[in-house]
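**Student:** First the structure, then my questions, so here it is.
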C-alpha cells in the first residue's frame, strides 16, 4: 500500500472542496475571505519564484510570522518543492531567532512585518547561509524582497498544474519541516518531520470528525506543531480557517467567527474558569446557588454525554432547564456553535476539565510531542474519559516501560533530530520512541499522563513527587492563577503561587481591605490566611511526602517575555527556579543558602 504524503492530501482536498472561504482574516475591522483557487494561484506563483532563487529538495526556508494566509501560502510553496519549512515564533527574541536561522542553515526567511524584519536584519551579517528575506508587508528596507513580487495571483492555469505535478512527486520520506522544540527541559532540538509523518497524523486524527460544516478559529502559533497539524486537518477535511487577530482578541473573535472547532492549551481553560469565578463572586446568594445547581446537573449528565448515550427522562428534563438558565450563556461566550475544543500542549487538570464539561464546554484532551507529529492519543466524541488524554490514535502503538516512561512507535514518529545522531539513537532505543513522559494505560486502554520524567522532583529523602498534578490542584482554586512546585533535592515540596487578582480583589473588598498595591494586598494577614487555607485544601488530597510545606505568593504571573513560559504557555521550570532562587531558598530556612 502506497503511503500518503501531506502534499497529496492537501491537493486532493483542494480539488474536492474548492471552498469560496478557505481562509478568513481580519482586514481593518472586517473579515475577508480567500477562496481556494486564489490561495493556489499564490502558492504556485511563490513556488515558481523560490525555484528561480535556487530552492530545491532538502533546502530550508524559515517563516517568522504570526498566523495569517501568507503563512500557509509560504508553507505549501516550500513543501511543493520538497524543501523544508523552519517555523519561528512571531515574538521570538533576536538571540533565539539567530540560533534557529543559523542552526537550520535557512537560505530564505519570510518575515511578517517590521518587527520580525528588524530582528533578522540585526543579525543578518552573522548568518552564513541566509540569502534573502521576504516580507509579507512593506517594511521600508531595500534589501528585503516584497511579497507581491513573488506571490502574485495572476498566474496561468498551467502554472498551477506545474506546481501540483511537482508537489505530488515529493515522496513520503522527504522531510517536510524542521521544527525546533520549545526547550522546556534544555536547549532546543531540531526535529525532522516527513511528509508521511504529517499525513499519517492527519488521517488518524479524523477520529475527531472534522467535516465541511465546521469552521475553525486558529489561535495558537502555527510555528508549533500542534496548531500546524490541526491546520492541515482543517484544510484536508474542508474546514475554513479563521485566524485570530491575537491571543487578547480571541474572546471577541469567538463571537465574530462563531467557530465550531478550536485547538487550544490548558491555559485557555484556566483563564476561562477564572473569569467564571470572577463573575460568580459577584452573584447574589440565590443566583450563586442556582449556578451551583446547574453544575451539579451537568456532573450527573456527564457520564452519559462522554459516551454518547441518551439521558434518563428525568435527568434530560433537568438538563434542558439548566441549559436555558446557564449552559447556553456559557456556550455563547464561545460563539454559540462550538462542538470541539481540543486541549493539548500540556496537562489539563481533571477537576477543571470536569467542572467546565459539566457546564457543557466540549473539551477533548489529547497528547503528543513535536517528535510525534504530534498526536499520540486523543479523546474523541463518544469515546472520551476525563482524567486521561484518550486512546492512542489508529496505527499508533503505545507501551509503558518498567520505569513508567511512555514509549510509542508508528508512522507518526520523527525521522531524526537534526544533526544530533547520538540523541536520535537514544530517543529511538529498541525501536520505540522514548517520550520522556511518565504515565500508564488504564483498564479501558485510555492513556493517563502523570508527569514529565525530567520534571519529577526527588526529595533528599528519596521520595518522588510529580509536580504537575499538584500544580493543577492548586490552580483549581478560584484564588490561584498559576503555580510552580519546587523541591528537587530538598527535604520537602514548596510552591510559588500566582494569585488570580480579580477574585482576590473581590475577596479583599468583601473583607474591607483596601491595599494600595498588589504587593500590599498579598502581604495582608487575611490574604495570607486565605492562601494558607487554599494550599491546605490541596494538601488534604496528597500523600504526606507530597504536601506543600511552605509557599510564596508572587505579585505577578509568569510570562514569555521574561523567559518563564514557552509560546504555548508551558512553564520553563529551570528558568523560573533560577530567577526565583533566592525566594525559593527562603522557603528552606534550615538549609544552607545558594550562592548568588
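**Student:** Would you point out the residue of segment 19-57, among those that are at pLDDT below 95 and assigned to a loop (DSSP other than H, G, I, E, B), that is nearest to residue 147 (Cα to Cα)?
**Tutor:** So the residue we want is 28.
**Student:** Kindly list, by first and then second residue, each pair from a residue in segment 186-202 that is modelled with pLDDT under 95 to a residue that is assigned to a strand (DSSP E or B), limited to pairs with Cβ atoms under 7 Å and residues at least 6 apart or on different chains.
**Tutor:** Matching pairs, first to second residue: 188/180; 189/180; 189/417.
Residue-wise test of (1) surrounded by fewer than 24 Cβ atoms within 10 Å (Cβ to Cβ); (2) more than 17 Å from residue 279 (Cβ to Cβ); (3) in contact (Cβ under 8 Å) with a residue 60 or more places away in the chain.
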residue	(1), (2), (3)
477	yes, no, yes
493	no, yes, no
503	yes, no, yes
512	yes, yes, no
515	yes, yes, no
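Conditions (1) closer than 30 Å to residue 508 by Cα; (2) touching a strand residue (DSSP E or B) at 6+ places or on another chain (Cβ under 9 Å); (3) surrounded by 14 or more Cβ atoms within 10 Å (Cβ to Cβ), marked per residue:
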residue: 283; (1), (2), (3): yes, no, no
residue: 312; (1), (2), (3): no, no, no
residue: 325; (1), (2), (3): yes, no, yes
residue: 337; (1), (2), (3): no, no, yes
residue: 342; (1), (2), (3): no, yes, yes
residue: 371; (1), (2), (3): no, yes, yes
residue: 378; (1), (2), (3): no, yes, yes
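**Student:** Select from segment 382-402 the residues that are more than 15 Å from residue 205 (Cα to Cα) and either in contact (Cβ under 8 Å) with a residue 12 or more places away in the chain or in a strand (DSSP E or B) (or both) and list them in ascending order.
**Tutor:** 385, 386, 387, 388, 398, 399, 400, 401
**Student:** Further question: Can you list the helices (runs of 4 or more DSSP H) found entirely within segment 112-213 that contain at least 1 residues being exposed (fewer than 14 other Cβ atoms within 10 Å of the Cβ)? Full working, then the answer.
**Tutor:** Numbers: elements: 114-123, 157-168, 195-204.
Qualifying helices (runs of 4 or more DSSP H): 114-123, 157-168.
**Student:** Is there a residue in segment 500-513 that is part of a strand (DSSP E or B) and either closer than 25 Å to residue 385 by Cβ or assigned by TED's automatic domain parsing to the domain that holds residue 557 (or both)?
**Tutor:** Start the filter on segment 500-513 by keeping residues that are part of a strand (DSSP E or B), which leaves none.
Within segment 500-513, none of the residues are part of a strand (DSSP E or B) and either closer than 25 Å to residue 385 by Cβ or assigned by TED's automatic domain parsing to the domain that holds residue 557 (or both).
**Student:** Within segment 562-579, track down each residue that is surrounded by fewer than 19 Cβ atoms within 10 Å (Cβ to Cβ) and free of Cβ contacts under 8 Å to residues at least 12 places away in the same chain.
**Tutor:** Result: 578, single match.
**Student:** Okay, next question. Which residues, counting only those in segment 445-464, are at pLDDT 90 or above and in contact with a helix residue (DSSP H, G or I) (Cβ under 9 Å, 6 or more places away or on another chain)?
**Tutor:** Across segment 445-464, the qualifying residue is only 449.
Residue-by-condition table, conditions (1) in contact with a strand residue (DSSP E or B) (Cβ under 8 Å, 6 or more places away or on another chain); (2) assigned to a helix (DSSP H, G or I); (3) more than 30 Å from residue 566 (Cβ to Cβ); (4) at pLDDT below 95:
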| site | (1), (2), (3), (4) |
| --- | --- |
| 247 | no, no, no, yes |
| 252 | no, yes, no, no |
| 262 | yes, no, no, no |
| 273 | no, yes, no, yes |
| 280 | no, yes, yes, yes |
| 298 | no, yes, yes, no |
| 309 | no, no, yes, yes |
| 317 | no, yes, yes, no |
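Residue by residue, here is whether (1) in contact with a helix residue (DSSP H, G or I) (Cβ under 9 Å, 6 or more places away or on another chain); (2) in contact (Cβ under 8 Å) with a residue 24 or more places away in the chain holds:
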| site | (1), (2) |
| --- | --- |
| 310 | yes, no |
| 320 | no, no |
| 325 | yes, yes |
| 347 | yes, yes |
| 350 | yes, yes |
| 365 | yes, yes |
| 375 | yes, yes |
| 380 | yes, yes |
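The values are calculated or read from the model by the stated rules, or taken from the named source; none is laboratory data. Since we're looking at a predicted model, the values are computed, not measured. Neighbour counts run over all protein chains shown; Cβ positions are idealised from the backbone, glycine included.
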